[in-house]
Amino acid sequence: MPSLATPRPLLRAIKNQVGKVRASLRSQGEALEELFQLFTSDRRHLKRFSYMNDPRLRLAYLRYHLPLNTVRSMCVLKDLLERYPAIAETEWITDIGAGPGSSTIASLLTLAPDRTRRYLLTDQSRSALRVAREIFGDCAPPEKDGIKASITTVQQKLPLLPRFQGPTLVWMSMVINEFDHPERRGIDIKGLFSRLAEKLPAGSTVVIIEPGLRQQGRRLLALHDALLESQRWQVLAPCTHQKTCPLLEESNRPWCHFHFRWQPGDLVKQVAVPLGLVYGKGSMSYLVIQPAKKSGLPGNQDPELARVIGDPMEVRRTDAGIYLCQDGKRRVFRDPPEGTTRGALLKRGRQNRDARLVAPWPGGSPEAKHPRRPRKGRRPPPQTPPEKSEAD
Ligand SMILES: C[S@@+](CC[C@H](N)C(=O)[O-])C[C@H]1O[C@@H](n2cnc3c(N)ncnc32)[C@H](O)[C@@H]1O
């Protein structure tokens with residue numbers, strides 16, 4: 001089963017940052033706990049307080065969230081490149097709300113160093129951007145044959161947007177839920193995306209990553225529908241169609257989210273284990289969009305292509321099933337092909353009972369529940385399908 005490891009150059013760069021601060025492991029753990037409080041029960045403080053400017057909390061972020069978010073971005077980028085390899089040709093990469101540069105590092109270490117790439121990072125926190133430059137310097141390969149990766153940072157507060165100089169891969173990782181959380185009034189997220197669509201050159205791609213939690217995940221689904229309705233955007237992933245999200249209509253309020261297996265590295269485990277934090281797996285919701293201008297990428301509306309949006313499960317009268325999102329509808333598909341996990345892409349004719357695995361999910365599936373096979377001669381007990389697996 002595939003898994004994603006924190007890249008070694010990043011672990012070394014984080015170690016360099018840890019070496020610059022005098023703080024016991026215990027106090028680093030306490031700071032990480034505080035950061036978790038801030039991201040969960042104390043979210044209202046996020047609007048006034050930039051944790052990236054506090055050296056203790058920033059270090060805690062570097063030790064846990066930076067590697068986790070880097071791996072989140074790597075997972076999405078690998079999935080994206082599978083369907084849209086032309087994205088690897090991009091010269092401009094812009095990381096909005098970059099923090100210490102998690103998505104920047106993911107791009108730097110995932111895209112082949114076969115051309116010059118220009119990274120632009122923006123954030124409201126000057127301190128985060130300073131650290132991002134240092135980490136980038138530790139991870140970037142040396143210039144070779146005139147090919148190099150360059151970095152520019154701009155302290156900038158959303159809703160301000162940077163200038164784009166050519167077709168750009170834009171990252172917005174774990175930032176929308178801070179910028180647009182329910183307690184912040186007067187934030188016009190749709191207006192922000194309208195301006196972004198106007199400013200972005202044709203052929204640009206925007207990757208939004210959010211926590212794999214119900215509240216943030218469903219807000220992202222609502223944004224998905226609003227962006228399609230605006231007709232300024234088309235959707236590249238995870239959806240395989242350009243229709244409204246079927247999950248928003250479901251009464252049990254599921255949301256589209258994906259898992260990955262994560263090998264974090266000892267540096268992460270040192271702080272994560274004493275706090276009982278999850279470190280072998282991660283989850284996220286994500287959305288990849290493109291301005292609806294003429295672009296170099298092929299369209300995304302193959303009615304036979306389906307995304308798996310649930311874990312394998314038992315369903316009534318049969319022994320295995322899986323939720324698919326196909327052509328704007330959620331359906332249960334029975335007896336999926338071997339190796340199918342949440343996040344995989346399947347090809348399935350409309351009249352066809354069979355499906356073919358087109359692309360496995362790059363993060364594996366730590367949550368996959370292996371359906372029980374009924375013993376010979378016994379019918380499996382009736383199970384209530386599905387939604388339980390959506391609620392984790
Ligand atoms: C959870 S961190 C995510 C950092 C990074 N993208 C990652 O995935 O690890 C959120 C970042 O958004 C920045 N941020 C929050 N609100 C912002 C705003 N209104 N304008 C610019 N940056 C903002 C914060 O300073 C912080 O660095």
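Brief remarks on what is shown
- The trypsin sites (Lys or Arg not before Pro) of region 100-161 that DSSP puts in a loop, and whose beta carbon has at most 14 other beta carbons within 10 Å, are R115, K157.
- In a simple Cβ point-charge model (Lys, Arg +1; Asp, Glu -1; nothing else charged), the chain has a dipole of about 580 debye relative to its Cα centre.
- Carbon + sulfur, % of accessible area of the chain - ligands and nucleic acids excluded, 1.4 Å: 48
- Anisotropy class of region 35-104 from Cα gyration tensor, a/c 1.5 cut: prolate
- Note on the chain: GNM, Cα springs under 10 Å; of G97, G146, G282, the largest mean-square fluctuation is that of G146.
- For the chain, the longest principal axis of the alpha carbon atoms and the long axis of helix 214-230 meet at an angle near 90°.
- These residues, L277, L287, L213, go from largest to smallest accessible area, 1.4 Å probe, as L213, L277, L287.
- For region 174-308: rounded, prolate or oblate by the Cα gyration tensor [a/c cutoff 1.5]: prolate
- Going by accessible surface with a 1.4 Å probe and the largest first, V154, V273, V308 read V273, V154, V308.
- Hz values of 3J(HN,Hα) by residue in region 250-259 - Karplus curve (6.51, -1.76, 1.60), Gly and Pro given as x: 6, 6, 8, 6, x, 9, 8, 8, 9, 10
- In a fully extended conformation the segment linking Q270 and R356 would gain 26.8 nm over its present Cα-Cα distance, using 0.36 nm per residue.
- DSSP finds beta bridges in region 4-291, and of those with both partners inside it, around 40 percent are antiparallel.
- Helix-only arithmetic for the chain: the sum of -39500 (n - 2.57) across DSSP H runs with n ≥ 4, divided by the residue total, places the mean residue ellipticity at 222 nm at -9000 deg cm²/dmol.
- Between 0 and 90°, nearest 10: helix 66-83 axis offset from the chain longest Cα axis: 50
- In nm, spacing of pseudo-spin labels at S251 and A88 (7 Å Cα→C-beta vector): 4.7
- When I309, I187 are compared by accessible area at a 1.4 angstrom probe, the order from most to least is I187, I309.
- Extension gain, E338 back to Q37 (0.36 nm per residue minus Cα-Cα distance, nm): 104.3 nm
- What the chain shows is 47 Å² of accessible area per residue, with the surface traced by a 1.4 Å probe over protein heavy atoms.
- Computed over the alpha-carbon atoms, the chain gives an Rg to Rh ratio of 0.97, Rh here being the Kirkwood radius from the mean inverse distance.
- Region 1-80: radius of gyration over Cα atoms, expressed as a fraction of 2.2 N^0.38 Å: 1.22
- Considering only alpha-carbon pairs that sit under 8 angstrom and 6 or more positions apart, the relative contact order computed for the chain is 16 percent.
- For the chain, the longest principal axis of the C-alpha atoms and the axis of helix 189-199 are separated by about 70°.
The values are calculated or read from the model by the stated rules, or taken from the named source; none is laboratory data. Since we're looking at a predicted model, the values are computed, not measured. Virtual Cβ from ideal backbone geometry, glycine too; neighbours counted across all protein chains shown. Areas reflect the complete protein model, heavy atoms only, side chains present, ligands, DNA and RNA absent. Shrake-Rupley method; radii C 1.70, N 1.55, O 1.52, S 1.80 Å.
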